[in-house]
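Engineer: Right, I'll just put the structure down here and ask away after.
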Amino acid sequence: MRLAVKPFTLIGTALKEADCPRDLLDSFEVLLPLQPYREQEMLQLTDRFAQQIGVSFEPSAAAAVAKFSDGRPGRAESLVRRLRLVEKRPVSEQDAKEMLSVFGYGRTVAAGLEVAGTDWTRLSGIEFERLITQLLNGMGFVAEMTKASGDGGVDIEAVFDRPIVGGRYLIQCKRFALDAPVGSPVVREFYGALVADRKAIKGILITTSSFTPQAREFADNLPIELIDGEQLARLLSENASK
């Protein structure tokens, strides 16, 4: 069926560019990456949603909701609606966290910190990647996981929107046992993916274990940062309260 359609503008959105077929992306003349709302903006939106729905929060509870919203207004509104189930007013931070934990919010960071220095094997590979993605977002990156296959050794893509140090970063996550260090072949393969990307300014390889001397020697003088389990535990601890 052929229809006479006047000229129009088509705008499409997707959570991840990697989820869109290349043919579809090529159909759009302009591709614009959208940045998540900043935490202060999310706090203002959370307060607005609470007023509209008739829920009162303590300031620390509103801050927790804003943090769990991950820069998404729709998620913030959904969380506020769920907190209507809390009978006490105003809703405290502890009440908010306890209620939202029922829906799965806040557990990932807690689980990650719990195993940070001990039993990393309690996280699956995907859960470990999600933990690192959440850590990067908390540090100011705009990070998202890549598809499970065909990622060329890259598990997470992240953008840091800052002068001088800003740019596109590629991250690979290796959830190894403590007695199984990452060797130079893994680092070499990751470097190949970094070079092939062309747009990335740096690669970050994160493991739950350690790196062999050969792996560290290969990464020297290359745009690759190696983060072992001990460094990761410190990062998680430092950013847990933010």
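The values are calculated or read from the model by the stated rules, or taken from the named source; none is laboratory data. This one's a predicted model, so the numbers in the text were calculated from it and none came from an experiment. Heads up, the Cβs are rebuilt from the backbone with ideal geometry, glycines too, and the neighbour counts pull from every protein chain shown.
Engineer: If I206 passes every condition in (1) free of Cβ contacts under 8 Å to residues at least 40 places away in the same chain; (2) not in a loop (DSSP other than H, G, I, E, B) but one, which one does it miss?
Structural biologist: (1)
Engineer: Okay, next question. Which residues, taken from the stretch 1-60, are closer than 15 Å to G74 by Cα and in contact with a strand residue (DSSP E or B) (Cβ under 7 Å, 6 or more places away or on another chain)?
Structural biologist: Across the stretch 1-60, the qualifying residues are Q35, P36, A50.
Engineer: For the stretch 152-189, give me each residue that is among the aromatic types (F, W, Y) and touching a Phe, Trp or Tyr at 6+ places or on another chain (Cβ under 6 Å). Reasoning before the result, please.
Structural biologist: Start the filter on the stretch 152-189 by keeping residues that are among the aromatic types (F, W, Y), which leaves 160, 169, 176.
Within the stretch 152-189, F160 is the sole residue that qualifies.
Engineer: Of a type outside the set (D, E, K, R), surrounded by 18 or more Cβ atoms within 10 Å (Cβ to Cβ) and within 21 Å of L131 (Cα to Cα): which single residue out of L83, L79 fits that description?
Structural biologist: Values: L83 fails: within 21 Å of L131 (Cα to Cα).
Result: L79 is the single residue among L83, L79 that is of a type outside the set (D, E, K, R), surrounded by 18 or more Cβ atoms within 10 Å (Cβ to Cβ) and within 21 Å of L131 (Cα to Cα).
Engineer: Restricting the search to the stretch 116-162, which residues are at pLDDT 85 or above, assigned to a loop (DSSP other than H, G, I, E, B) and hydroxyl-bearing (S, T, Y)?
Structural biologist: Passing the criteria: only T146.
Engineer: Counting only residues that are touching a residue at least 40 places away in the same chain (Cβ under 8 Å) and part of a strand (DSSP E or B), how many does the stretch 163-181 have?
Structural biologist: Going through the stretch 163-181 one residue at a time, the tally reaches 1.
Engineer: Still on this structure: Condition first: in contact with a Leu (Cβ under 9 Å, 6 or more places away or on another chain) and closer than 18 Å to A61 by Cα. Now tell me which residues in the stretch 1-51 satisfy that.
Structural biologist: If the condition is that a residue be in contact with a Leu (Cβ under 9 Å, 6 or more places away or on another chain) and closer than 18 Å to A61 by Cα, then T46, F49, A50 are the ones that fit.
Engineer: Condition check: at pLDDT 90 or above, in a loop (DSSP other than H, G, I, E, B) and not hydroxyl-bearing (S, T, Y). Does P33 satisfy that? Show your work before the answer.
Structural biologist: Numbers: at pLDDT 90 or above: no; in a loop (DSSP other than H, G, I, E, B): yes; not hydroxyl-bearing (S, T, Y): yes.
No.
Engineer: Here is a list of conditions, (1) within 22 Å of the chain's Cα centre (by Cα); (2) of a type outside the set (K, R); (3) surrounded by fewer than 14 Cβ atoms within 10 Å (Cβ to Cβ), and S69 meets all of them except one; can you say which number that is?
Structural biologist: (3)
Engineer: So, in the stretch 182-209, exactly how many residues are at pLDDT below 90 and closer than 22 Å to A233 by Cβ?
Structural biologist: The total comes to 2.
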